[in-house]
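Asks: Here it is, the structure in full.
The values are calculated or read from the model by the stated rules, or taken from the named source; none is laboratory data. Everything numeric here is computed off the predicted structure, so don't read it as measured data. Cβ placement follows ideal geometry from the backbone for every residue including glycine, while neighbour counts extend to all protein chains displayed.
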Amino acid sequence: MRIVMFNLIPSYTYDVNQLFRFIIKRNELLIRLRYYASAGIGMFIIFSYFILEINFSSDQLLALFITNIFILFYNIVFNIINESDLIKTDPKGFNPLHFSLLQIVLDLLCLGILTYFTGGIESPFFIFFVLHMIIGSLLLPWFIIYSLAVIIVFWFSVNSFLEYMNIIPHHKIAGLFEFSLYDNIYYIIISLSAFAVVMFASVYLANSIARSWSLREQELSIALNKLNEAEKMKQRYTIGVVHEIKTPISAVQSNLDIVLQKYVGPISPPVEEKLSRARVRTDEAIQIIDDVLKVSKLKLTEEIKKEDIDISALTEKIIEYRKAQAEYNNQYLYLYDLRHEKKHVQGDPYMLELALSNLIGNALKYTNSGGTIEVVLDNYRNNRELLIEVCDNGIGIPESEQNKIFSEFFRATNVKQKSYEGTGLGLTVVKQIVEQHHGKIIFQSPSRLADEKGKGTCFKITLPLEDKN
């Protein structure tokens, strides 16, 4: 049976999940602080008793000890609850806001007991009510926190007057004051008035700041969502336009193939040379279109398909496919699997194949004849991550341009000077794929393979590994 809880979410909240993420972090902080508070209370008792030689009564010592044990106990329970599935991100269920309220109420209850047994209005602990209400103002909605403030001020006032009238016993800390204050009506009225003013002023200021911050966060969240929607619309428009451009180019390519294969009759060598160049250019145009389509589709992909991937088999497949290109260019292409434990990677096989194929293809393209390309698989960070390294001794990346290498449409000057064709989108695609798989990519140029043939580049990808345990 599902229990419906009282709704504590402020009416101005736009992104509930964002609010819950904020409250969850603050709940964790409260739990950590409570351990320090419990230790502090214990140190206060020991220091006061043995160093300051304050003679607590047996009732005071028992109350302080039991209250501190209770704080420690329920904090351990809160810690267990916080790490369990009992707290739901559901506005109508037991959510982080209800958990915050439960913590604040229990803390105030224990603080009330500590205050009463350490002198009531003479207690040094009563100032902590203000501190705790400031913390509560950052977590709870205004109607809850103001209600708690009214209850605290009312309780503290009633307790002080009951002690003044000797209706309930006063637990004085012996040696703290030379004379009693709890039975001085002027002191009581002035102290309670000051306490109420400070309490409500602190709650008002803290709650106003929290509300202002929350509203700003909500506005930013709305603006970000609008930007994301605009970006998606732009990418959809790009896909549609680019796809339409591809159709006539493919038609031109088909007609060029018919002419070059001489189905329509013989052609002279000069004309054949010109048509062959045109045919190469159409290939380059289609490659550019495909790269743009890949980038646009990646930006529209919010979640990637996850499955177990044997990275060794995937890399061998790419190497086998690229081997003919390496042999044609008189290049040496090697694969080294140095892993002592071969775990699988969780991810999208098509996307990872696209990323690795791009890196290896670039290494082949920008390495001269007789050059070397090495692909290395290795364990990383105590086998929690996989390291994939693609190194070459090709033309390298100029040092002054290395900070732009992952930018869209960027092409290094040494690439342009040697008339290498490309769009400058390949590394952008690789970086997006790696980051969607929660990995990282870095590079070094010159590479460890640098020699007289070239400076070279090393790209290093790290991906989190699947842990069966």
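Asks: Is it the case, given these coordinates, that GLY136 is of a type in the set (Gly, Ala, Ser), under 26 Å from the mean Cα position of the chain (by Cα) and assigned by TED's automatic domain parsing to the domain that holds GLN60?
Replies: Answer is yes for this residue.
Asks: Can LYS246 be described as among the charged types (D, E, K, R) and within 44 Å of the chain's Cα centre (by Cα)?
Replies: Yes: the conditions hold for LYS246.
Asks: Show the residue pairs meeting these rules: Cβ distance below 8 Å; 6+ apart or different chains; first residue within the stretch 62-82 and assigned to a helix (DSSP H, G or I); second residue surrounded by fewer than 19 Cβ atoms within 10 Å (Cβ to Cβ) and of a type in the set (Lys, Arg).
Replies: Listed by first residue and then by second, the contacts come to nothing, as the list is empty.
Asks: Related question: Just wondering, is there one or more residues in the stretch 107-116 that are over 26 Å from LEU52 (Cα atoms) and surrounded by fewer than 17 Cβ atoms within 10 Å (Cβ to Cβ)?
Replies: yes
Asks: For the stretch 253-298, which residues satisfy the criterion of being hydroxyl-bearing (Ser, Thr, Tyr) and either assigned to a helix (DSSP H, G or I) or modelled with pLDDT under 75 (or both)?
Replies: Across the stretch 253-298, the qualifying residues are SER254, SER276, THR282, SER296.
Asks: Next up: Scanning for something at pLDDT below 80 and either surrounded by 12 or more Cβ atoms within 10 Å (Cβ to Cβ) or more than 23 Å from LEU354 (Cα to Cα) (or both), does the stretch 204-214 turn up at least one residue?
Replies: Residues of the stretch 204-214 that are at pLDDT below 80, as a first pass: 214.
Okay, now just the ones that are also either surrounded by 12 or more Cβ atoms within 10 Å (Cβ to Cβ) or more than 23 Å from LEU354 (Cα to Cα) (or both), so 214.
Looking through the stretch 204-214, at least one residue is at pLDDT below 80 and either surrounded by 12 or more Cβ atoms within 10 Å (Cβ to Cβ) or more than 23 Å from LEU354 (Cα to Cα) (or both).
Asks: Scan the stretch 346-359 and give yes if some residue there is modelled with pLDDT of 85 or more, of a type in the set (A, V, I, L, M), over 21 Å from VAL434 (Cα atoms) and out of contact with any Phe, Trp or Tyr (no Cβ under 8 Å at 6 or more places or on another chain), otherwise no.
Replies: The answer is no; no qualifying residue exists.
Asks: Then there is this: Could you please let me know if ILE46 is surrounded by fewer than 12 Cβ atoms within 10 Å (Cβ to Cβ), out of contact with any His (no Cβ under 7 Å at 6 or more places or on another chain) and over 26 Å from SER160 (Cβ atoms)?
Replies: Criteria met by ILE46.
Asks: Test ILE152 against the criterion of being touching a Phe, Trp or Tyr at 6+ places or on another chain (Cβ under 6 Å), hydrophobic (A, V, I, L, M, F, W, C) and at pLDDT 90 or above, and give yes or no.
Replies: Details: touching a Phe, Trp or Tyr at 6+ places or on another chain (Cβ under 6 Å): yes; hydrophobic (A, V, I, L, M, F, W, C): yes; at pLDDT 90 or above: yes.
Criteria met by ILE152.
Asks: Could you please tell me which pairs satisfy a Cβ distance under 7 Å, a separation of 6+ or placement on different chains, a first residue in the stretch 332-359 that is without any contact (Cβ under 8 Å) to a residue 24 or more places away in the chain and crowded, with 16+ Cβ neighbours inside 10 Å, and a second residue that is basic (Lys, Arg) and not in a strand (DSSP E or B)?
Replies: If the second residue must be basic (Lys, Arg) and not in a strand (DSSP E or B), no pairs are left.
Asks: Go through (1) touching a residue at least 60 places away in the same chain (Cβ under 8 Å); (2) among the acidic types (Asp, Glu); (3) within 30 Å of ALA149 (Cβ to Cβ) one by one and return the number of the condition ASP183 breaks.
Replies: (1)
Asks: Identify, please: which residue in the stretch 179-197 is surrounded by fewer than 14 Cβ atoms within 10 Å (Cβ to Cβ) and hydrophobic (A, V, I, L, M, F, W, C) and is, among those, farthest from ASP15 (Cα to Cα)?
Replies: PHE179
Asks: Find all pairs meeting these conditions: Cβ atoms under 6 angstrom apart; at least six residues apart or on different chains; first residue within the stretch 33-55 and of a type in the set (S, T, N, Q); second residue part of a helix (DSSP H, G or I).
Replies: The qualifying pairs are SER38/ASN68; SER38/ILE71; SER38/LEU72.
Asks: Considering each residue of the stretch 424-444, count those that are within 14 Å of ASN362 (Cα to Cα) and part of a loop (DSSP other than H, G, I, E, B), and give that number.
Replies: Number of matching residues: 2.
Asks: With the condition kept exactly as written, say whether any residue in the stretch 78-94 is buried (at least 21 other Cβ atoms within 10 Å of the Cβ) and in contact with a helix residue (DSSP H, G or I) (Cβ under 9 Å, 6 or more places away or on another chain).
Replies: No; the residues of the stretch 78-94 include none that is buried (at least 21 other Cβ atoms within 10 Å of the Cβ) and in contact with a helix residue (DSSP H, G or I) (Cβ under 9 Å, 6 or more places away or on another chain).
Asks: Would you mind stating whether LEU220 is assigned to a helix (DSSP H, G or I), farther than 22 Å from ILE113 by Cα and without any contact (Cβ under 8 Å) to a residue 12 or more places away in the chain?
Replies: yes
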